[in-house]
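Below is one structure, written out as structure tokens, with a few remarks after it.
The values are calculated or read from the model by the stated rules, or taken from the named source; none is laboratory data. Here the structure is a predicted model, which means the values were calculated and not measured. In this analysis, Cβ positions are derived from the backbone assuming ideal geometry, glycine residues included, and neighbour counts consider all displayed protein chains.
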Amino acid sequence: MTPTSTPRLPAVGETLPSFSLPAALAGKEEKVLSDQDFTGSPWVLFVYPKDATSGCTIEVCEFRELAAEFDKLKVKLVGLSRDKLSAHHKFIANQNLPYPLLSDAEQELLRGWNLIAHKTMYGKPVTKVLRTTFVMDGKNKVLNVFENVSAPGHARAVLEFLQSLR
């Protein structure tokens, strides 16, 4: 993404724009992951607002509970938020998450994909991350975009979408 380009959500049918971000993995392991690390099989990138908040905990735990079903379909799961790696490590340990969490602490990717919204909450300005999920094929082509996601039941909806493709 160039500084002069307009932020835009990747659309169905497009190739997901390239990225490279630090990731937290189980066991306090860290690694830089890029979109190329997920090529070869379908994968799901779910963007969520903040570690250890109620809605986000529901979402990551539902993906955790269905991880074996995604594995049967050979689909990889990846979470993304603007939290730092230290917060991700704690969240992974507390919720026993079996998949990586990407950190976009600088919000470069989130802004580039137009996933940051400026809103007002309780009369004060806030910057929010828009809960959005991307489903990709093995060549990083976007198969579906779930926007305005409500956390409860979302992982199941993503799984059902993938099952419908079989």
key: Selection count, the stretch 66-91, where residues are under 14 Å from the mean Cα position of the chain (by Cα), farther than 11 Å from Leu21 by Cβ and among the hydrophobic types (A, V, I, L, M, F, W, C)   = 2
task = Output the residues belonging to the stretch 81-94 that are closer than 15 Å to Tyr48 by Cα, crowded, with 17+ Cβ neighbours inside 10 Å and either at pLDDT below 95 or not hydrophobic (A, V, I, L, M, F, W, C) (or both).
result = Ser81, Arg82, Asp83, His88
request  = Could you tell me whether any residue of the stretch 131-154 is touching a Gly at 6+ places or on another chain (Cβ under 6 Å) and outside any strand (DSSP E or B)?
outcome  = yes
note = Just one listed residue, out of Phe63, Phe46, is of a type in the set (A, V, I, L, M, F, W, C), within 17 Å of Arg156 (Cα to Cα), part of a helix (DSSP H, G or I) and under 14 Å from the mean Cα position of the chain (by Cα), and it is Phe63
task = Mind listing whichever residues of the stretch 112-130 are surrounded by fewer than 15 Cβ atoms within 10 Å (Cβ to Cβ), within 17 Å of the chain's Cα centre (by Cα) and not in a loop (DSSP other than H, G, I, E, B)?
result = Ala117, Lys128
ask   = Among the numbered criteria (1) hydrophobic (A, V, I, L, M, F, W, C); (2) in contact (Cβ under 8 Å) with a residue 60 or more places away in the chain; (3) in contact with a strand residue (DSSP E or B) (Cβ under 9 Å, 6 or more places away or on another chain); (4) more than 17 Å from Asp104 (Cβ to Cβ), which single criterion is violated by Phe19?
value = (4)
key: Scan of the stretch 18-43 for residues that are of a type in the set (Phe, Trp, Tyr) and assigned to a strand (DSSP E or B), ordered by number   = Trp43
task = Identify all residues within the stretch 115-144 that are under 21 Å from Pro17 (Cβ atoms) and at pLDDT below 95; write none if there are none.
result = Ala117
